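Worksheet for the structure shown next.
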Amino acid sequence: MMRLALLVALVMVAFAANSVLNRMAVGPGLIDALDFAVIRAAAGAGILALLVMWRGGSLPLTTPGRHIGAATLSIYLVGFSLAYTAIDAGVGALLLFGAVQITMFAGGLIGGERPGPARWIGAVVAFAGLAWLVWPTETVALPVAATLSMLAAGIGWGMYSLAGRRATDPLADTAANFAFATPICALALVLPLTQQSDVTLPGAGLAIISGAITSGLGYALWYAVLPQLRASAAGLVQLSVPVIAALGGVVLLAEPVSWRFAGAAALVIGGIAFGLLAPQRTKSSSGS
């Protein structure tokens, strides 16, 4: 149990690192958001394919259902990139993680899982903490296209995570998903969807780090732990990602620490802990 908890915590740190790397690259204009997504996907596909071949395996490109993982990963990468620069980051995080929660809880219910009251309460408390953490202090616009893109990204990631609960070879499955997602993301570049900027060497470097390490290896590890988690638990723990990312911004980007951050973080972590550790009364006996 402790080993699983540590692995899940490591995955959440990797997810948060992706957010920080994206902000470091796209925020200052070192690279366009879509270019970042394409390089990220290609780097992830490359490093994972090398690891699969190094251990003497091959990519399961024709495995039944492969299109589900590849398509949902692509929807997440492209949807997030399209919405990233057109919507307030705080509201975007709420839309993204709200969609992830709904998708994964719904997937669990459809699969026969019946989360107990403690998990529902924990999810509500944690999401309330997230709303407090990221809610903008001034009125913001919600462009329809960007809002729909972020919601699509959240649904895509939720479905990608649900598909991962059936993974038999996490490394190879993730490598194949990234291999298919790369040309799909590249296709978005030729469409008149965003105003693109030049790709700088530092921006490309950050995208490669994000793709090869925190995305490629992080997502492979996520696929390794997902079969051991109920869908509702997997959705709940991901609410910690914005808190970890905000902490990373404090450490790496010298962002200020406020009482609002401390209180919101306590609500998020407390809600997650309550939802996971309180006695669960469920009808499903799979996972933990």
What pairs come out if I take residues in the stretch 161-183 that are touching a residue at least 12 places away in the same chain (Cβ under 8 Å) and pair them with residues that are assigned to a helix (DSSP H, G or I) and of a type in the set (Asp, Glu) whose C-beta lies under 6 Å away, six or more apart or interchain? 167/173
With respect to residue 249, determine if the residue is touching a Lys or Arg at 6+ places or on another chain (Cβ under 8 Å) and more than 16 Å from residue 128 (Cβ to Cβ). yes
Give the stretch 78-107 a look and list any residue that's modelled with pLDDT under 90, β-branched (Val, Ile, Thr) and either within 13 Å of the chain's Cα centre (by Cα) or part of a helix (DSSP H, G or I) (or both), or say none. 78, 91
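In this structure, is residue 126 in contact with a Gly (Cβ under 6 Å, 6 or more places away or on another chain) and of a type outside the set (Phe, Trp, Tyr)? Break it down into steps so the answer makes sense when it comes.
Working: in contact with a Gly (Cβ under 6 Å, 6 or more places away or on another chain): yes; of a type outside the set (Phe, Trp, Tyr): yes.
So residue 126 fits the description; yes.
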Kindly indicate the residue of the stretch 1-43 that is assigned to a helix (DSSP H, G or I) and among the β-branched types (Val, Ile, Thr) and also farthest from residue 78 (Cα to Cα) among those meeting that condition. 8
Would you call residue 173 surrounded by fewer than 21 Cβ atoms within 10 Å (Cβ to Cβ), farther than 28 Å from residue 264 by Cβ and acidic (Asp, Glu)? no
Looking at the stretch 27-43, I want the residues that are more than 17 Å from residue 214 (Cβ to Cβ) and among the aliphatic types (A, V, I, L, M) and have a partner that is at pLDDT below 85 and surrounded by fewer than 24 Cβ atoms within 10 Å (Cβ to Cβ) with Cβ atoms under 6 Å, at least 6 apart or on another chain. Which pairs are those? 34/188; 34/189; 34/194
Any residue that is part of a helix (DSSP H, G or I), of a type outside the set (Asp, Glu), within 28 Å of residue 262 (Cβ to Cβ) and modelled with pLDDT of 90 or more - is there at least one of those in the stretch 108-116? no
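The values are calculated or read from the model by the stated rules, or taken from the named source; none is laboratory data. Computed from a predicted structure; not experimentally measured. No Cβ is skipped: glycine too gets one built from the backbone with ideal geometry, and neighbour counts run over all protein chains shown.
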